[in-house]
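Read through the structure below, which is laid out as C-alpha cells, and then see the notes.
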Amino acid sequence: MSDLETFRSETREWLEANCPEEMRQPVRDERDVYWGGRGATFKNDAQKAWFQACRDKGYTVPEWPTEYGGAGLSPAEGKILRQEMARINARPPLSSFGIWMLGPALLKFGTEGQKQRFLNEIANGEIRWCQGYSEPGSGSDLVSMQTFGEDKGDHWEVSGQKIWTSYADQADWIFCLVRTDKANKYQGITFMLFDMASEGVSTKPILLISGNSPFCETFMDEVQVPKSYGEDCPAYVGEINRGWDVAKYLLGHEREMISGAGGGDRTSAIGAAMTRHAAEHSGELSPTLRADLADFDVDALAYGCMGEKFLDEMKAGKGHPAQPNMMKYVGTELNKRRHELMMSTGGSRALEWESDETDGGARPRGWLRTKANSIEGGTSEVMLNVVAKRILELPGG
Ligand SMILES: Cc1cc2nc3c(=O)[nH]c(=O)nc-3n(C[C@H](O)[C@H](O)[C@H](O)COP(=O)(O)OP(=O)(O)OC[C@H]3O[C@@H](n4cnc5c(N)ncnc54)[C@H](O)[C@@H]3O)c2cc1C
C-alpha cells in the first residue's frame with residue numbers, strides 16, 4: 001500500500017470509531033452547527049464527543065501545523081480526509097470564521113506570537129470571531145470605509161459603524177478594518193483585532209426574510225484598542241496602514257469557503273439524489289422539471305470536478321489569485337439553483353414553514369437563505385467584474 005492508501009484506510013477506521021451516528025445526519029437547524037467560543041454550549045453529547053475527538057486529533061484544522069493546533073496534514077492527506085468525511089456525511093466538528101478567514105490570514109501575515117495565541121484558540125474552539133468589513137455605504141466599494149482609529153500613543157481610539165456583521169452579537173472578538181490614515185485610501189487602513197466586550201462596542205441584530213437574525217449593525221464609540229496584546233502579539237495583522245493587503249487575502253479565503261468548492265462530492269451527490277427523486281416521482285414531475293434536474297446534475301458534477309482541480313492548484317501554490325472569485329460566482333449561483341429545484345420538486349408542500357414533513361421549515365428557510373449567497377463576501381456582479389478584468393484580462397474601467 002502507498003502511504004496515501006494507508007492514510008485513507010487509517011482515516012476510515014478513525015472516523016468509524018469516532019464519528020457518532022448523530023453527526024452523520026444533515027444539518028437541520030442552527031444548533032446542529034458547533035461554533036465554539038467563550039459562551040458556547042453543545043446541543044448534545046454526540047456533538048461534544050465529535051468536536052473533542054477532532055480537536056484532540058488536530059482535525060478541526062487538519063492542514064494547519066501541529067504547533068498551532070492542526071494535524072499538519074499535507075494537501076493530499078487533507079483531501080483524503082475531506083473525501084472520507086463526505087463519504088459518511090460527517091458534519092464539520094467546528095465551524096468558525098477563525099478557521100475559514102482569519103486563520104489563513106494569520107498563517108500568512110501574523111507574527112509568531114499572534115499565531116501561537118490566536119491560531120491555537122481558534123483550533124481549540126475557544127474563540128469566536130466576527131468580520132468587521134462592510135459599512136453603510138461601503139460594501140462592494142469596501143476601500144471607501146470610514147471607521148476611524150485615532151492614534152493615542154499606546155492605543156487607538158476607534159469610532160464608526162459596521163453593518164451586516166454576521167453573528168456579531170455572539171462573537172468574542174472582531175477582525176476589523178479601521179482607517180488609520182485619512183489621506184491614503186488604500187494605504188491608510190489597519191487590520192485590527194479586538195475584544196467585542198471592549199467598552200464602547202455594541203451590536204443591534206438585523207432581522208432577515210428567513211426568520212433568523214444572523215447578522216448585526218456593529219457600533220464602535222471611542223473604543224480603546226491597545227496596540228499590543230503582549231510580546232510579539234500586536235493588535236494589528238501585517239503592518240499599520242497596510243491592512244488592505246491582509247483584507248484582500250482574507251477575502252480570497254472567504255470566497256473559496258462560500259463557493260463550497262472542495263466539499264467532496266456533496267454538490268453532485270445532491271444533484272444525483274434529486275435526479276433519483278425525479279425518477280421515482282416521474283408521474284408527479286413535469287418533463288421540463290426533470291430536464292432541469294438533469295441539467296443541474298451535470299453542472300453540479302462538473303463544478304465538483306472543477307472545484308477539486310482548483311483547490312489542488314491553489315494548495316500547490318499554482319492557482320490564479322483571482323480563482324476564488326470565479327469559484328464563488330459559479331458555486332453560489334449553482335447553490336441557488338439547487339434550492340430553487342428543491343422547492344419545485346416539493347410542490348406546495350415545500351412551502352410549509354413549521355411542519356415535520358419539511359424538517360420544520362428547513363427547506364423554505366434554506367431556500368430563502370441562499371438568496372444571500374450571491375451577495376455575501378462580494379456580489380455576483382462584482383465577481384464577474386474581477387473575472388473579466390483579472391482572469392480574462394478584458395479592457396474596462
Ligand atoms: C448573509 C450575509 C452575511 C454577511 N456577513 C458579513 C460580515 O460578517 N461582515 C461584513 O463585513 N460584511 C458582511 N456582509 C456584507 C457583504 O459583504 C456585502 O453585502 C457585499 O459586499 C455587498 O455590499 P452592499 O450590500 O453594500 O451592496 P452594494 O455594494 O451597495 O451593491 C448594491 C448592488 O450594486 C451592485 N454593484 C455594486 N458595485 C458594482 C460594480 N462595480 N459593478 C457592477 N455592479 C455593482 C452589486 O452587485 C449589488 O447588486 C454580509 C452580507 C450578507 C448578505
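The values are calculated or read from the model by the stated rules, or taken from the named source; none is laboratory data. Please read these numbers as outputs of a predicted model, since none were measured by experiment. Neighbour counts are summed over all protein chains in view; Cβ atoms, including those assigned to glycine, are modelled from backbone coordinates with ideal geometry. Note: areas computed on protein heavy atoms with side chains; ligands, DNA, RNA excluded. Shrake-Rupley method; radii C 1.70, N 1.55, O 1.52, S 1.80 Å.
Scattering from the chain was approximated by placing one identical point on each alpha carbon and applying the Debye formula without solvent; log10 I(q)/I(0) at 0.12, 0.13 1/Å stands at -1.05, -1.23.
With K and R counted +1 and D and E -1, the other residues having a Cβ less than 11 Å from that of GLN116 yield a net charge of -3. Can you bin region 1-105 into rounded, prolate or oblate? Criterion: square roots of the alpha carbon gyration tensor eigenvalues sorted a ≥ b ≥ c, rounded for a/c under 1.5, prolate for a/b above b/c, oblate for the rest. Oblate is the answer for region 1-105, as a/c is 1.5 or above yet b/c matches or exceeds a/b. Under the classification rounded if a/c is under 1.5, otherwise prolate if a/b is larger than b/c and oblate if not, where does region 55-148 fall, given a ≥ b ≥ c as square roots of the Cα gyration tensor eigenvalues? In terms of gyration-tensor shape, prolate.
Between amide H atoms placed 1.01 Å from N, distances below 5 Å from TRP156 occur with VAL225, LYS227, all of them 5 or more places distant or on a separate chain.
Taking amide H positions as modeled 1.01 Å from N, with prolines and chain starts lacking one, the residues under 5 Å from ILE206 and 5 or more places away or on another chain are PHE215, CYS216, GLU217. Across the chain, the relative contact order, built from alpha-carbon pairs under 8 Å that are at least six residues apart, equals 12 percent. The DSSP beta bridges internal to region 103-258 are antiparallel in roughly 85% of cases.
Here the accessible area of the chain is 51 percent carbon and sulfur, with a 1.4 angstrom probe and all protein chains present.
Across THR60, THR41, THR180, mean-square fluctuation computed from a Gaussian network of the chain (C-alpha pairs under 10 Å connected) peaks at THR41. Between the amide H of ALA235 and those of SER228, TYR229, distances stay under 5 Å, these residues lying 5 or more places away or on another chain, with hydrogens modeled in the peptide plane. Accessible surface computed residue by residue for the chain, with neighbouring protein chains in place and a 1.4 Å probe, gives 48 Å² per residue.
Between SER228 and ASP154, what length in nm is gained on full extension when 0.36 nm per residue of separation is reduced by their alpha carbon distance?
Gain on stretching SER228 to ASP154: 25.8 nm.
Measuring r between the beta carbons of SER166 and VAL298 and using R0 = 45 Å, the FRET efficiency lands at 0.85. Counting only Cβ charges, +1 for Lys and Arg and -1 for Asp and Glu, the dipole size of region 189-266 around its Cα centre is about 300 debye. Other residues within the sphere of radius under 11 Å centred on the Cβ of TYR236, judged by their own Cβ, net out at +1 (K and R +1, D and E -1).
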